Every structure is written in C-alpha cells, then in structure tokens.
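Student: Got a structure here, written out as structure tokens. Questions coming.
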Amino acid sequence: MKPKALTRLVEIANDPYGCLAGLRKQKQVIGSTLADCPEELIHAAGLHPFLILGTNEPIRHSAALLPDNACSLARSNLELVIGCQGNFFDGFVLAQVCDTTQHLADIWKRKLPHHYFENFLAPRQVARPSARAWYAEECRRLRAALGRYTGREITDEDLWRSFRLYNENRALLRRLYAIKEEAPALMTNREFFDAVKVTFFMDKEEHNCLLKEVVQWAEQEKDRRTDGDGYVKVIMAGIVVEPPSLYDMVDEVRGTIVGDTLCTASRYIYHDVEVEGDPAEALADRHMRKPFFSPINADVERVYTDLLTLYRRKGAAAIVYCHIKYCESQDYDLPDIKAHMREEGIPFLELETEYQSTHLSQMQTRVQAFCESVIKKGAT
Amino acid sequence: MGAKTKETKEKQSAKELSKQLTDAYLGDARTAHEQGKYVAYTTAVSPVELFVAHDIIPVYPENHAAACLTKRMGTELSLATEQKGYTSHLCAYARSDLGYRITGKSAKGGIPDPDFLLACNAQCFTLTKWFEVLSRKYQAPLFVFDTPQWISDPGARREIVRYCVRQLRELIAALEGLTGKKYDYDRLAEVMAYSRDASFFYRKFLDMAAYKPSPISIFDALIHMAITVYLRGTPQCVDYYRTLCAEVQAKADQGIGAVENEEFRLYWENLPVWFKFRDHFNLLKSYGATILTSLYVHAWSYDFDTAKDPLVTLAENYVSVFSNCTLEERAKMALDLFQRYSLNGSLMFVNRSCKAISFAVYTLKAILAEKTGTPALIFESDMGDPRFYSETQIRTRMEAFLETLQRNKAQGA
C-alpha cells in the first residue's frame, strides 16, 4: 500500500497554486520562471519562492497582450499572473532565457506595478569563463536587491541554511528517482513526477518531510516488488511535460521513465550547491554543472549528444520528446535531433503539445502505437 | 587613390556608389577563401569592427535573406525548409536562409560558407538558434556574444558592460586562434574611427526625416541602411553616407518631399514587410501619407566614443540596441522619434517572424497612444512569407486607418 505522504504530494500537484494561499499567511510569495533563477537566494531572504508553471485554464486575458505564436507556457503564465490567481503572489524574480521570457518580464512589470519585481539576467552562453563570472555577479546583485526589498541583509549563514535545505530536497528526489528506476512497479511515472513538481510550490521543509516518508517506504518496498519485468525504459526529453496526462499515457503502456532532460525534473534535481566559500560562486558552480540546462551552447552538437549519452547510460529503449508548440529553442533543435536519432536507429517519438491541450486521444494512440512497435523490436 | 579615381567617385551618386560597394563587397566575400581570408557569419547588430580590424570578411545571412524575401522568394525557400522538418513559425530570414542552403536558390547569387559564426543576442534569441543550425551544418565554431537586457539600473549596467567587454576579449582570443594572427589594436582604433564617422552620417541621414516635408521616407532608409550593416568600419562606408547626406540635404533645401503634398507623417513599428515594400509606399502616397521612421532603422545609429577603450564603446553600443532594452525604454525611444520628427500616427506590425520585436507591440501601442494621443493601426502578418499576408484585409484596414487620419484632420481644421 502506498504511503499517505505520496497521496498528499499527488494532491498538491493537482492543485499547485492552492498551497500558496496558506503559505502567504506566513511569508511573502515570490514567483520565478523556469530553470535559471537561484531560488535559494529568495528563500534565504525569508520569502517563499515558487515556480510559475502556467495554468491549464482557458486563455482569456493574455490573448490581448501576446500573439498566438507565443509559446503556450508563456501565454499560460501571463494568464495565470494577470488573471485572478495573481492574487497569490507578492512579486517576481524573472530569469530571461529567450525573447519570449524577456517580453513577459516587461509586460508583467507594467501590468502589476505594485508587485515586487526583479530581473535575473542569466547568461545565455555557458561555454566560457565569462558566463560563470556573470552568473555569480547576478547572484550578488539579486542578493542585495532582495535584502533591500525585505529590509534585512541576507547573511552567509542564511544562505548556507537555504543551500542545505535545497540540497537535502534534491538528494531525496534523486534517491526516489533511482529507486523508481530500480523498481518501476513501485510507483507510476505520474506519481514520481508529481512528487517532483510540488517542490516548485511547497514549503521545502514540509516537502522534505513528506519525501522522507516516501523514500523510506520505497526503500523498504523495492526489494519486495517482483513485478518489475515487462517495463519499457523510456527517456523523457524536453523542457516541461504538459499536459501531465502524458505521464499517464506512458504509464498505460508500461513505460517507465528512467531519465529525462526536463527543467521540471533532472535539470532541477541534479547537482547540489557547495556549502562553503563564496555563496555566489557556489551558486554559479552549480549552474555551470547542471546537465542539459542551456538552450544555447557553443558546443552545438550537445543538443543530441547529451541525449544520446543519457539514453545509452540508462539502457533505455526509446526517447519521447515533449515539444511545446511555438518554443523556438525546440523548433530549431528538433530537426537535427530527429535526424541524428534516426541515423543512430533510436526509437524517437515527438509529441507536440500545448498547455491548453484537451484533445488527447490522438496522442494516446500515437504513444500506444509507438510503444507497441518498440516492444515488438524486443525491448524489455 | 589617384586624383582621377577620386574625381570620378565624387561624381557618383549615392545610388551608384551603393551598387559599386555592394558588388565589390560581395565579390570580396565570394573570393575570400581564394585570397586566403576567413569568412565569418555574423548578425546585423554585432561588433563587426572586430572582424574588419582582423581582415576577416563579415557575411550577413540576414541581409542575404532579406534580399531573397524582397524578391518574393520567401514561400519557395520556406517550403524547402519545412520539408526538412522545420516549422513555418520560425523567422522568415531563417527559413529563407535554410531554404537557400537546400535549394541553392538566391536573389544575389549566394553567399560563401562560414569559417566562424558570431551571434550577438541583443537582436534576438532566434538568431543564435539559427546560427547553431548553421554551425552544425558547416562544422564551424559559434561564438555567442551574450548581451543581457539593458535594464535601467545604473549599477547593473556597469556590470553588464564589464561582462560584455570580457566576452569581447574572449572573442578576440577566438579570432586569434582561428587565424593564427595576433590581434592588432592600432588597426582596431582606425576601424572604430571609421565606424564612428559612418554612424554619425547614417544618423544624420535618418534625422533628415525631421524636415517638413521630409525628403526621405522609411523606404529610403531601408534601402540605404544596407551599407552601414555590412561595411561599417571602412572608409568607403563613411564616404557613402557623406555623399548620401549631401544629396538628401539638397532635396531638403529645395523643399522636395519623399511624397508630394505630405499630410501625414507616420511611425512604423517592426521590420518591414519586405515583399510589400513598394505597395505600402504607393498606398500611403495616394493619401499624402508617408512612414518616416522606425526604431528598426535606428538600430545602426551608433554613437561610438573613440576616446574610450574600443571594447567598452563597442559593448555599450551593441548592448543598448532598442531590441535589447526594456519596454519602458523602448517606448521612450519611440516617443523621442515622435517628438523630433513630428509624427502623427503609427502603423504597428506584429510580425510572426520576429518575436523579439513583436511581442512588445501590443503594450507599446498602448503606451504610444496614451502618451501621444495619435491613432495607431496594429496588423499581424509575416515580413517575408506571403502565405501569412492577407492582402485584402490588410489593405482595407490601412485604408480605413488613413481615412481616419483624414477625418481627424478635417475635424481638427
């Protein structure tokens, strides 16, 4: 029987913004966007950081501010912020990674002039020493800006505490991922990725408590489960997986996700921050070590070589690529990725989705047909 | 240069000079490898001076793509790109360029393959991703010159410039590695002086739109900007804009306008619809209207301070281009043009190809309307792909807008 803690995590994942309302009574709530923002700094300032991950509600407000060829994550985030759910937030620290996020930051700032707002100008190159130095410099600027906002200087001790808490969280999630890989029947893909997703919303200490219970249960159960055969090992590639029912589709065909390149999973949970030295440098080191994290890389072949390495290291049978429609980064990368995977003879399924996708049966059929063909080829 | 040649050159019009310079530049670029020179692809807004000073020939896939789009090759080239799996949502420059590489079809006889690529992201994120594709194709190194958004915080700006200067040093080291040649900073100082002077005359040319009637329209600016894009840092570029300024000044002195009976002086937001260039000019002309300017053509109005370290003034100028500024700052820049050029309306183009500029248009329109009280028309289309241009709908909307201007003017009178 699955532990109550896991059920609780899944519940929160299904109503992520709901948990912010309660938290706001204790702390100011600060939103950030995917991948590059050092949340530890916001946490150390005594604020509650959360990741703005869009909404599946229909678009009503943002259509007047962004054309329909903006990616659905951006439109959906804008909808969330300027719609009624914006009432949950006190401010934003927005990392800019592409043209769309840059404009989004400007529009939010204008639309919500009374909210706290800070840019985090993450480097959009990662290959050279200047990138690391710049990331550290931006961390110092953000640290000072948050201190001015709260009226309280963020001490190094505040930061070490936050780093330790976040490192513990990442370690628990990594352990759970490893157990899931070892014993795929223990939990569904949806359950695992829900447990990861809530880290972007919940109080970290509370999340760690729930995770500890789940990990403890998983450690005890993993050796008892003998029904792990017959699963197809899958790599989930992309930035985010939306709608989350895609995980259910993989579950339905007995696919088990053993590795990923997602901003909402591996790019977040891999690598800890060193709890020594200059905190800004420590954050920069982590940023530079994160796998698959940059949509731009001077080593231009990494878009497929990283994926290929992961696929081989995990002994996977297939790669499923979740393509968020109108994401320019993915639009430019995908033809070369697909061509390369074809050359290597790797089963590769691209699923183009949007945040507001509702007609999922066609996608379900594609996932089923793809997995059947992989299984027929002899994958286990 | 001999006296005879000089005399001949002085007699040449800017139009003749433009053709001569373009042919010579393309000839040089195409024979670069035979001459033992390197070819670097670069983005239109990028510190090209570093290439010029190191005898590397800069080549602009954007310019080549714009030429193809103006010749209405956009759909054909895009289709070839889409057949390779790219989506029709991508920038038309990129689709056209990748299509050229598949089909070999070009409006200009093609451009040489790159030995090196430089993507400056002050313009957009798209260019970097497009150049990544080219870098993979040609197995040529890509250098991303990362320009963080030019936010208004003075402390942040100082650090941004430091970061950019540090990257320019990294770029110079990469160029030394490519050519095996030590970088010549004295030569860079000379190139910077040419760039400073060319930018001065280019800006002076654009600012002649302040005359009433304006001797130039944006269509003139779009034609004449090509030289500063690809020949910045050369004496020929300075001569060209000096000649052009003299010609346009003569027109202004005689009161010759770009359109007869100029009544409406308009602002244009975004890049042009390249394949509708002339049609738009003619339609507007029939109403006594003309578009005078846009932030886009001012993107090359640099103000290099050669008293500073060349890398500092390069960083300051390239990071602060309008497309890399905050929306507030961009609105201020547009308002400055409204004031200086006495503009009384806007055509605001939401360009499917250019997210970097277009995603701000709706908000920018609201700001401009509020601050200037002038009418604006927003329309959506694509700068290079006629499949996304709805001829009748856009024409009707433009006509209705122009009629509104006429009605407002009549009521005001």
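Student: Using the structure shown, decide if B:Asn351 is within 26 Å of B:Lys204 (Cβ to Cβ), within 12 Å of chain A (Cβ to nearest Cβ), of a type in the set (S, T, N, Q) and surrounded by 22 or more Cβ atoms within 10 Å (Cβ to Cβ).
Tutor: no
Let's see how each residue does on (1) in a helix (DSSP H, G or I); (2) farther than 24 Å from A:Tyr17 by Cα; (3) in contact with a strand residue (DSSP E or B) (Cβ under 7 Å, 6 or more places away or on another chain):
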position: A:Ile154; (1), (2), (3): no, yes, no
position: A:Leu159; (1), (2), (3): yes, yes, no
position: A:Ser162; (1), (2), (3): yes, no, no
position: A:Asn167; (1), (2), (3): yes, no, no
position: A:Leu172; (1), (2), (3): yes, no, no
position: A:Arg175; (1), (2), (3): yes, yes, no
position: A:Lys180; (1), (2), (3): yes, yes, no
position: A:Lys197; (1), (2), (3): yes, no, no
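Student: Across the range A:211-239, what is the number of residues that are buried (at least 22 other Cβ atoms within 10 Å of the Cβ) and either in contact (Cβ under 8 Å) with a residue 60 or more places away in the chain or not in a helix (DSSP H, G or I) (or both)?
Tutor: The qualifying residues number 9.
Student: Can I ask one more? Look at A:Leu94 and say whether it is of a type outside the set (Phe, Trp, Tyr) and not in a loop (DSSP other than H, G, I, E, B). Break it down stepwise before answering.
Tutor: Details: of a type outside the set (Phe, Trp, Tyr): yes; not in a loop (DSSP other than H, G, I, E, B): yes.
In short, yes.
Student: Given the residues B:Ser152, B:Ser195, which is the only one that is assigned to a loop (DSSP other than H, G, I, E, B) and either surrounded by fewer than 20 Cβ atoms within 10 Å (Cβ to Cβ) or more than 10 Å from every other protein chain (Cβ to nearest Cβ) (or both)?
Tutor: Values: B:Ser195 fails: assigned to a loop (DSSP other than H, G, I, E, B).
On inspection, the qualifying residue turns out to be B:Ser152.
Student: Residue pairs, Cβ under 6 Å, 6 or more apart or interchain, first in the range B:379-390 and closer than 20 Å to A:Ala64 by Cα, second outside any strand (DSSP E or B) and of a type in the set (Gly, Ala, Ser). List them.
Tutor: B:Asp382/B:Ala92; B:Asp382/B:Ser353
Student: Filter the range A:321-369 down to residues that are among the β-branched types (Val, Ile, Thr) and in a helix (DSSP H, G or I) and give me whichever is surrounded by the most Cβ atoms within 10 Å (Cβ to Cβ).
Tutor: Within the range A:321-369, the first condition is being among the β-branched types (Val, Ile, Thr), and the residues that meet it are A:324, A:337, A:346, A:353, A:358, A:365, A:367.
Pick out the ones that are also in a helix (DSSP H, G or I) and you get A:337, A:365, A:367.
Values: A:Ile337: 20, A:Thr365: 11, A:Val367: 22.
Checked the range A:321-369; the qualifying residue surrounded by the most Cβ atoms within 10 Å (Cβ to Cβ) is A:Val367.
Student: Could you check, for the range A:103-112, whether at least one of its residues is surrounded by fewer than 20 Cβ atoms within 10 Å (Cβ to Cβ), more than 12 Å from chain B (Cβ to nearest Cβ) and either farther than 19 Å from A:Lys197 by Cα or modelled with pLDDT of 85 or more (or both)?
Tutor: Yes, the conditions are met somewhere in the range A:103-112.
Student: Related question: Looking only at the range B:117-141, which residues are surrounded by fewer than 24 Cβ atoms within 10 Å (Cβ to Cβ) and outside any helix (DSSP H, G or I)?
Tutor: B:Gln139, B:Ala140, B:Pro141
Student: Can you report the number of residues in the range A:301-314 which are assigned to a loop (DSSP other than H, G, I, E, B) and in contact with a strand residue (DSSP E or B) (Cβ under 6 Å, 6 or more places away or on another chain)?
Tutor: Within the range A:301-314, residues that are assigned to a loop (DSSP other than H, G, I, E, B) and in contact with a strand residue (DSSP E or B) (Cβ under 6 Å, 6 or more places away or on another chain) number 1.
Student: Also, quick follow-up: Only one residue in A:Ile319, A:Ile269 is away from chain B (no Cβ under 14 Å) and more than 18 Å from A:Glu39 (Cα to Cα). Which one?
Tutor: After applying the criteria, what remains is A:Ile319.
Student: Another question, then. Take the conditions farther than 26 Å from A:Met363 by Cα, touching a Phe, Trp or Tyr at 6+ places or on another chain (Cβ under 9 Å) and part of a loop (DSSP other than H, G, I, E, B) and apply them to A:Glu274. Does it pass?
Tutor: yes
Student: Related question: Only one of B:Leu79, B:Leu26 is at pLDDT 95 or above, surrounded by fewer than 23 Cβ atoms within 10 Å (Cβ to Cβ) and either in contact with a Ser or Thr (Cβ under 6 Å, 6 or more places away or on another chain) or part of a helix (DSSP H, G or I) (or both); which?
Tutor: Details: B:Leu26 fails: at pLDDT 95 or above.
Result: B:Leu79 is the single residue among B:Leu79, B:Leu26 that is at pLDDT 95 or above, surrounded by fewer than 23 Cβ atoms within 10 Å (Cβ to Cβ) and either in contact with a Ser or Thr (Cβ under 6 Å, 6 or more places away or on another chain) or part of a helix (DSSP H, G or I) (or both).
Student: Now a separate question. Which of the residues that make up the range A:58-75 are touching a residue at least 40 places away in the same chain (Cβ under 8 Å) and away from every other protein chain (no Cβ under 11 Å)?
Tutor: Once the filter is applied, which keeps residues that are touching a residue at least 40 places away in the same chain (Cβ under 8 Å) and away from every other protein chain (no Cβ under 11 Å), the range A:58-75 yields A:Pro58, A:Ile59, A:Ser72, A:Leu73.
The values are calculated or read from the model by the stated rules, or taken from the named source; none is laboratory data. Because the structure is a prediction, the values reported are computed rather than measured. When we count neighbours, we look across all protein chains shown, and the Cβ atoms used for this are built from the backbone with ideal geometry, even at glycine.
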